[in-house]
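The values are calculated or read from the model by the stated rules, or taken from the named source; none is laboratory data. Here the structure is a predicted model, which is why all the values come from computation and not from measurement. With ideal geometry, Cβ positions are generated from the backbone for all residues, glycine too; neighbour counts draw on all protein chains shown.
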Amino acid sequence: MILDNVHSLKFFLPELALTVGILVVILCDIALKGLRNRLNPLLTLFTLLLAAYYTLQLNGVASASLFHGMLAIDGFAQFFKLFLLLAAVLVVLASLHSTELASVHQGEFFALLLAVTLGMVLLANSTNLAMLYLSLELVSLTSYIMVGYLKTDRLSNEASLKYILFGAVSTGSMLYGLSLIYGMTGSLNLYTIRDAFLSQGLEGINQFTILLILVLAMAGFGFKTAVVPFHFWCPDVYAGAPTPVTAFLSVAPKAAGFAVLLRFFFSGMSQTGGGRWSAIGGINWPLVLIGLSVLTMTLGNVAALTQNNLKRMLAYSSIAHAGYILMGVVVLTGEGVKAILVYLFVYLFMNLGAFLVVTIIYNSDQTFEIEDYNGMFKRSPFVAVAMAIFMLSLIGIPPFSGFMGKLYVFGSVIDKGLYWFAAVGALNAAVAAFYYMRVLKAMLIEDSKRTAAPLQISFLNQALLVALLLPNILLVIFWTPIDRWTAASVRLFGGV
């Protein structure tokens, strides 16, 4: 069902709430200088929660295309809206007591956070190539500013510049690929593009052009998801950006990137039948993605082994996890898409939790070096144990929720008969255990070479740490609702 502009508005309330929230935060920052430091975070949280409320109100609504086919409203869209809004809420709370951001004015920061969230929501729901590109640009431009938000910090400025340069090349390449699609089909709508390719038949499609489109499109999607070979920006940007921004980039834009990648390939470049997809044009693009997945997880894990800076280590870890998530894309089944949703959901809690611990320790010690974490258990047993749980969850050790993420993605490729691919993923998970355990060794076993006072942790950070710990511990016990939610999201995606 395709809705016109007027009838689409009542389904567009979450995005409208974010848009109004951006304007209100900016006006408050300008007009209420005496109250803005307190009001801005409250207004930001209220806006995000209001958008989440409107999103929940759309549950059960029949799938439709909004604004004459520009955006989709379906279970898949609902999942990513809630996911991205939750990530933004957690990052707002984590930023409130960050010493990195305490030294700068934060009014624009919250407006930018709302803007990038709006861009990601639109990106995840785009079914039109023009909307896809504009949404990607909104996400990118706001992210560039957030990375360089510490204007007096050389590393932050350098990270922002590198992010801009890599982003410009990747996005420009993708835009050229999208223009080729329009030239071949005469349409910007993904579903119309798929029908146009199918009507031409295998013999009528130029396979070289399809392959070129695949490569160019992956430049844009790979940039957002930090997939090899489009990952070069990731370590320097993660290390130079404020830690709350790094935490946000490691989860939210990556999830939005995978959402639009699934929309693009599964809705526009594949045909559906019996819950399975097959590629259009005779190009075996799943094989290409298998190669990218293996390279991504292997390079990320091997490079992380040599890192002494914890933020850079987590950056390479994030690259490796992108490789694991990509495993669910290549199998071309609904179970593969479901595995991606499950992995992203659990990754949200374990990765944001790890970055929150990094923020808490930096607030006290002003360091990101792993050797400075020695003896942390004696200084703060709670923080050390919390970090241990997040690290074990990132490895995929049961009974923590990270195990469920790996179980689903490995299971999806095994069901497809790709046993060697699952074995490569398992070997990479074993390699990852070495550098995660290195952090635990420093915090739990090693003795500090200096006398350090106990960590001072704000009540908000303690509460947020508990809130992130509980899903890592309890989700496995209460897993059925998550399984049903992700299954419903996939069932309403792409007509499956």
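Test Ile397 against the stated conditions and say whether it is assigned to a loop (DSSP other than H, G, I, E, B) and not acidic (Asp, Glu). Answer is yes for this residue.
Rundown of residues vs (1) part of a helix (DSSP H, G or I); (2) over 30 Å from Val490 (Cβ atoms); (3) at pLDDT below 90, yes/no style:
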residue: Leu141; (1), (2), (3): yes, yes, no
residue: Tyr144; (1), (2), (3): yes, yes, no
residue: Tyr149; (1), (2), (3): no, yes, yes
residue: Lys162; (1), (2), (3): yes, yes, yes
residue: Phe166; (1), (2), (3): yes, yes, yes
residue: Gly183; (1), (2), (3): yes, yes, yes
residue: Tyr191; (1), (2), (3): yes, no, yes
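Counting only residues that are within 26 Å of the chain's Cα centre (by Cα), loosely packed, with under 14 Cβ neighbours inside 10 Å and assigned to a loop (DSSP other than H, G, I, E, B), the range 25-60 holds 2 of them. For Gly405, state whether it is touching a Phe, Trp or Tyr at 6+ places or on another chain (Cβ under 7 Å), of a type in the set (Gly, Ala, Ser) and free of Cβ contacts under 8 Å to residues at least 40 places away in the same chain. Judged against the criteria, Gly405 is not a match.
Being in a loop (DSSP other than H, G, I, E, B), in contact (Cβ under 8 Å) with a residue 40 or more places away in the chain and of a type in the set (A, V, I, L, M, F, W, C) holds for only one residue in Ala453, Ala442, and it is Ala453.
Flag: Trp485 matches the condition of being surrounded by 14 or more Cβ atoms within 10 Å (Cβ to Cβ), in the same structural domain as Ala354 (by TED's automatic domain parsing) and not charged (D, E, K, R). Residues in the range 1-24 that are of a type outside the set (S, T, N, Q) and surrounded by fewer than 17 Cβ atoms within 10 Å (Cβ to Cβ): Met1, Ile2, Asp4, Val6, His7, Leu9, Lys10, Leu13, Leu16, Val20, Leu23.
Yes/no matrix, rows are residues, columns are (1) among the small types (Gly, Ala, Ser); (2) in the same structural domain as Asn309 (by TED's automatic domain parsing); (3) within 24 Å of the chain's Cα centre (by Cα); (4) farther than 21 Å from Ala322 by Cβ:
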| site | (1), (2), (3), (4) |
| --- | --- |
| Leu136 | no, no, yes, no |
| Ile145 | no, no, yes, yes |
| Ser160 | yes, no, yes, yes |
| Ser187 | yes, no, no, yes |
| Leu190 | no, no, yes, yes |
| Ile210 | no, no, no, yes |
| Gly220 | yes, no, yes, no |
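When the test is whether a residue is modelled with pLDDT under 85, assigned to a loop (DSSP other than H, G, I, E, B) and farther than 27 Å from Phe349 by Cα, Leu211 does not pass it. Of the candidates Thr225, Thr298, the single residue that is of a type in the set (Ser, Thr, Tyr), modelled with pLDDT of 85 or more, closer than 24 Å to Val424 by Cβ and buried (at least 24 other Cβ atoms within 10 Å of the Cβ) is Thr225. Using the structure shown, decide if Ala423 is farther than 30 Å from Val89 by Cα and without any contact (Cβ under 8 Å) to a residue 40 or more places away in the chain. Spelling it out, Ala423 is indeed farther than 30 Å from Val89 by Cα and without any contact (Cβ under 8 Å) to a residue 40 or more places away in the chain. The lone criterion from (1) touching a Gly at 6+ places or on another chain (Cβ under 9 Å); (2) farther than 26 Å from Leu464 by Cα; (3) at pLDDT 90 or above left unmet by Asp153 is number (3). Taking the condition in a helix (DSSP H, G or I) and either assigned by TED's automatic domain parsing to the domain that holds Ala87 or in contact with a helix residue (DSSP H, G or I) (Cβ under 9 Å, 6 or more places away or on another chain) (or both), does Val476 pass? Judged against the criteria, Val476 is not a match. Comparison of Met327, Met350, Met387, Met391 shows that the only residue that is within 28 Å of Ser103 (Cβ to Cβ) and either in contact with a strand residue (DSSP E or B) (Cβ under 6 Å, 6 or more places away or on another chain) or buried (at least 19 other Cβ atoms within 10 Å of the Cβ) (or both) is Met387.
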